[in-house]
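First up is the structure itself, then whatever we jot down about it.
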Amino acid sequence: MKRYLMLLGTRPEAIKLCPLILELRRRTDVQLRVVLTGQHRDMPAPVLTFFGVCPDADLGVMTQGQTLQSLSERLLTAISRDMQISGFAPDAILVHGDTTTAFIGALCAFYAGIPVVHIEAGLRTGDISAPFPEEFNRRAIDAMSRIHFAPTAQAKTRLMAEGHKETRVFVVGNTATDALRLCLERPCEHPLLDMVGERRLILLTAHRRETAPEQRLALFRAIREELEGRRDTVAIFPVHPSPVIREAAEATFVGCDNVKLTDPLDVPIMQHLLARTTLLLTDSGGLQEEATYLGVPTLVLREMTERPEGVAAGVLRLVGTDGRGVRAALSELLENEQARRHMARPSDAYGDGYVSVRIAAILAALAEASEL
Ligand code: UD1
Ligand code: UDP
């Protein structure tokens with residue numbers, strides 16, 4: 001019997017880890033403790049409910065408008081305290097991706113001499129400042145990890161170039177595709193789907209910390225100017241609850257009839273909307289993977305991406321955050337249906353929807369070989 005402690009704190013971690021939690025909980029040779037750090041107070045709960053996952057503890061660390069410093073401080077205290085008082089004594093700690101929860105969780109495990117297993121390892125932009133602080137977090141987590149689950153062959157190549165042992169790096173795909181498959185398998189009815197009707201749907205999300213406030217406002221204004229008055233097109237913008245994002249979105253899109261701002265959407269409706277989307281505009285990491293899987297033409301609102309596989313597949317186009325450049329790309333794809341269709345090519349670059357089964361099987365083999 002192996003004992004694993006899994007830490008998760010944000011919406012994307014919840015979405016991408018729930019399929020793995022379900023898989024590990026099916027196994028009789030694993031005891032899994034799932035600890036929600038509460039880095040995000042509201043957004044993970046509906047995800048966990050949808051997948052039927054009940055965490056063993058919630059550390060509740062979030063404060064409104066938290067800084068990276070204050071968040072890290074609370075996470076360090078809360079995670080180390082939970083490790084001390086729970087009496088769980090894990091054989092390994094499982095963390096996902098590049099959030100502050102994953103970074104501080106790996107740090108606590110590393111200091112305690114507990115092996116770290118990193119899921120979604122090896123993603124890099126090559127620029128420590130973008131995305132910020134995620135590029136630093138993922139490099140630091142990889143440096144502390146014993147086992148790396150890389151989503152793609154390129155991620156594995158980068159890990160090996162950084163000196164990680166080939167026998168400890170496994171290319172498995174991204175569990176984002178598992179979550180997407182599980183969501184889309186269930187039918188979904190929602191007023192937003194009815195509201196879109198026959199119109200072209202633009203789905204917009206933007207929440208990156210490294211985007212400066214003036215740049216974000218100029219970007220939102222340019223998108224509004226391009227969309228306003230297009231009667232055959234409707235945009236839905238589920239706004240991240242971070243106060244800086246919310247204020248900029250509300251200030252820009254007020255009074256724009258065909259851009260609908262919403263609260264964050266529950267994952268099943270979000271993914272059903274994505275499957276129906278004409279054009280996605282996003283700076284999200286997970287949405288780039290999901291769009292690639294579904295073949296949803298996407299303008300990536302970033303200067304660089306750690307998901308080059310989606311760009312190579314022709315589904316993602318990197319357009320930066322400069323309002324004029326984004327507007328030009330948006331206009332082109334709204335006017336030139338052939339160019340847009342050319343991007344609509346589903347790809348399995350990020351997996352086949354059965355990634356968690358592979359991870360669970362590899363963990364079992366590693367345990368059998370006393371590697372964990
Ligand atoms: C975090 C991750 C980022 C990920 C994003 C997903 C880090 C450093 N960043 O960034 O990689 O892409 O989550 O969404 O870990 N808030 C709420 N309720 C919630 C969640 C957030 O009110 O359920 C508000 C709070 O005011 C909070 C703020 O959003 O302080 C920012 O949350 P935080 O986790 O610090 O940063 P994100 O931008 O969400
Ligand atoms: N998502 C969601 N509701 C929303 C916006 C996004 O369920 O209102 C999902 C999206 O489909 C993807 C994940 O959240 O699975 C991406 O999370 P986010 O963009 O917050 O973080 P990132 O992936 O950039 O770290």
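The values are calculated or read from the model by the stated rules, or taken from the named source; none is laboratory data. The model shown is predicted, which means the values in this text are computed figures rather than measured ones. Positions of Cβ are generated from backbone atoms using ideal geometry, with glycine treated the same way; all protein chains shown enter the neighbour counts. Ligands, DNA and RNA are stripped out before the accessible areas are found, and what is left, the full protein with its side chains, is counted by its heavy atoms. Shrake-Rupley method; radii C 1.70, N 1.55, O 1.52, S 1.80 Å.
For the chain, the solvent-accessible area of protein heavy atoms averages 41 Å² per residue (probe radius 1.4 Å; ligands and nucleic acids excluded). For segment 181-196, putting each phi into the Karplus relation 6.51 cos²θ - 1.76 cosθ + 1.60 with θ = phi - 60° gives couplings of 4, 5, 5, 6, 5, 9, x, 9, 10, 7, x, 5, 5, 5, 4, 5 Hz, in residue order, rounded to whole numbers and with x for Gly and Pro. The aspartates and glutamates within cross-link reach of Lys165, meaning a Cα-to-Cα straight distance under 17 Å and a gap of 8 or more places when in the same chain, are Glu120, Asp142, Glu371. In segment 171-222, taking the dipole from charged Cβ atoms about the Cα centre, the farthest positive-side position among Gly197, Ala212, Val172 is held by Ala212. Stretching Tyr111 away from Ser129 to a fully extended chain increases their span by 3.9 nm, per 0.36 nm per residue minus the current alpha-carbon distance. Estimated from helices alone, the mean residue ellipticity of the chain at 222 nm is -14000 deg cm²/dmol (sum of -39500 (n - 2.57) over DSSP H runs with n ≥ 4, per residue). Whole-Hz Karplus ³J(HN,Hα) for segment 224-230, in order, using 6.51 cos²θ - 1.76 cosθ + 1.60 and θ = phi - 60°, x for Gly and Pro? With coefficients 6.51, -1.76 and 1.60, one gets 4, 4, 6, 8, 4, x, 7 Hz. Solvent exposure of Phe88, expressed as accessible area, is near 20 Å², computed with a probe of 1.4 Å over the protein chains only. Segment 3-71 and segment 196-243 have Cα centres spaced 29 Å apart. Surface calculation, 1.4 Å probe, protein heavy atoms: Asp58 sits at approximately 100 Å² accessible. Summing charges over neighbours of Glu198, with a neighbour being any other residue whose Cβ is under 12 Å away from its Cβ, gives +2 when K and R count +1 and D and E count -1. Taking each residue as 0.36 nm, the span from His342 to His190 lengthens on full extension beyond its C-alpha to C-alpha distance by 51.8 nm. If a spin label sat at a point 7 angstrom from the Cα of Arg200 along the line to its beta carbon, the backbone N atoms of segment 252-288 nearer than 18 Å would be those of 257-260, 274-282. The label point for Leu22 and the one for Thr167, both projected 7 Å from the Cα toward the Cβ, are 3.5 nm apart. How many percent of Cα pairs in segment 130-239 exceed 16 Å? Tail fraction, whole percent: 75. The simple spin-label model puts a point 7 Å past each Cα toward its Cβ; for Ala45 and Ala251 those points are separated by 3.0 nm.
At 37 °C and 0.692 mPa s, grab the translational diffusion coefficient of segment 23-99 from Stokes-Einstein with a Kirkwood Rh over Cα pairs, rounded to a whole number in µm² per second. This corresponds to a translational diffusion coefficient of 235 µm²/s.
In whole percents, the pair-distance distribution calculated for segment 15-161 from its alpha-carbon pairs, binned every 5 Å from zero, is 2, 9, 18, 22, 22, 17, 8, 2, 0. Largest accessible area first, the listed residues Thr49, Thr177 line up as Thr49, Thr177 when surface is computed with a 1.4 Å probe on the assembled protein chains. One compactness figure for the chain is 0.97, namely its Cα radius of gyration divided by 2.2 N^0.38 Å. In the chain, carbon and sulfur make up what percent of the accessible area (probe 1.4 Å)? Percent of accessible area from carbon and sulfur atoms in the chain: 52.
Judged by the mean number of other Cβ atoms found within 10 Å, the most tightly packed of the peptides 341-347, 304-310, 146-152 leads the ranking 146-152, 304-310, 341-347.
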